[in-house]
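Enquirer: Dropping the structure in here first, questions after.
The values are calculated or read from the model by the stated rules, or taken from the named source; none is laboratory data. Only a predicted model underlies this, so the values are computations on that prediction, with no experimental measurement involved. Because the Cβ atoms are built from the backbone with ideal geometry, glycine has one as well, and the counts that use them run over all protein chains shown.
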Amino acid sequence: MTRVAPQVAVCRQTAAHIWGVNALSAPEADWPVEVTAAGHLPIPGCVTYVVPLADEDVTEHMGVRLTTMERTALDCARWLPRMDAVAVLDQFARRGVDLEALWYRPLNTWSLRETLSLADRGAASPRESWLRVILVDGGLPRPTTQIRVKLSDDRFAYLDLGWEEFKVAVEYDGQEHHTSPADQRHDADRREQLRRQGWRVIAVRRDVVPGQVADLLHNVANTLIERGWRPGTQRTTRILSRIRAARRGTRYRLPPISAAAAPVSRWPRAVP
C-alpha cells in the first residue's frame, strides 16, 4: 500500500479494507488509495478528498494513519451505493461499531439515517446484505437474520434471512460453501429437514443481482402471500412497481467499480 504523508489519513473503502471489512469491488492491487486531507495534496496513486477531520476521527491501525472504525463506517454509508453501504455497515456492526451512535453524528442526513436503519449485524456476507436490501426496497417486510431452527440430533440450522411467522426463508448460496458435491448433499439434507418442519426455503445464487431480481421479488412475495401474509393494496402496488422496474433494468444495476474509485487523475472535493 502507498505510504501516506503524516498530514493525511486513509479513509472510506481503503480504510474499511484495512479494518478488515470486505469493501473493495476490485483486487486490492488495482484500487487507488483513498485519503483525506485538510488541503489539496496530489499524492501519486491516491484519490484525495479535501475534508478536515476532528482529532477523535483519526487513529492508527497496523502502522497506518486512518479514520476510526466509526468515522469509516459513516463515510462509507454516505458515499457508497446503497447496497454496498449497507454491506459495509453490517460488517462494522459485527466488529462492534455502535451504529445507533452514528445516527446522532452531526454529519448525518435523513438519507444517511435511512441507510443506517437498514444495517443488521446478523448478515454473514456482503451478498446476504445486498439480498436483504433488495427484499426491503422491493416492498417486502423486513426479514430477520440468522433464524435459529432446531434440527434432528440436537443440531441447529441458522437461516440467512426469513420470516419466522410464515416459515419462509431466503438463503444465499455462494460459490465457496455450496458448490462441491458434499456441500450440495449437506444443503439438500438440511433443507429437507426444514421442509418437514414446514419451512419453505428459497435459495438464491450469486447471479441473482442484477439479472434475476424481478423473479426473486415475485417468488418471495407469492410465497409469503401463500403462507398468510396480507400486504394490502398500497404495499402490493409498491411491490409490483419494483418488479416492473427490475424487469426494465432500471434498478439494481451494479457498477463494477463504485464512484469512489475515480481515476487517479481526478481529485474530487468532498464537503465536510
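Enquirer: Could you tell me which of the residues I239, I225, I202 is within 25 Å of the chain's Cα centre (by Cα) and part of a helix (DSSP H, G or I)?
Expert: Answer to the selection: I239.
Enquirer: Restricting the search to the stretch 71-94, which residues are part of a helix (DSSP H, G or I), surrounded by 23 or more Cβ atoms within 10 Å (Cβ to Cβ), of a type outside the set (G, A, S) and within 12 Å of the chain's Cα centre (by Cα)?
Expert: The answer is C76, D84, V86, V88, L89, D90, Q91, F92.
Enquirer: Given the criterion in a loop (DSSP other than H, G, I, E, B) and loosely packed, with under 13 Cβ neighbours inside 10 Å, identify the matching residue among E192, E165.
Expert: Going through E192, E165 in turn, the sole match is E165.
Enquirer: Kindly state which helices (runs of 4 or more DSSP H) lie completely within the stretch 99-144 and contain at least 2 residues that are more than 23 Å from V213 (Cα to Cα). Quick ask: steps written out before the conclusion?
Expert: Working: elements: 99-103, 110-117, 126-137.
Where helices (runs of 4 or more DSSP H) fall fully within the stretch 99-144 and carry at least 2 residues being more than 23 Å from V213 (Cα to Cα), they are 99-103, 110-117.
Enquirer: Considering only the stretch 203-212, I want to know if a residue exists there that is exposed (fewer than 12 other Cβ atoms within 10 Å of the Cβ), acidic (D, E) and either within 18 Å of I134 (Cβ to Cβ) or not assigned by TED's automatic domain parsing to the domain that holds G138 (or both).
Expert: yes
Enquirer: Quick one: is L66 among the hydrophobic types (A, V, I, L, M, F, W, C), closer than 12 Å to R12 by Cα and touching a strand residue (DSSP E or B) at 6+ places or on another chain (Cβ under 9 Å)? Don't jump to the end; show me each part of the working.
Expert: Numbers: among the hydrophobic types (A, V, I, L, M, F, W, C): yes; closer than 12 Å to R12 by Cα: yes; touching a strand residue (DSSP E or B) at 6+ places or on another chain (Cβ under 9 Å): yes.
Judged against the criteria, L66 is a match.
Enquirer: Separate question: So in the stretch 150-172, with the set limited to residues that are hydrophobic (A, V, I, L, M, F, W, C) and modelled with pLDDT under 95, which one is farthest from the chain's Cα centre (by Cα)?
Expert: L151
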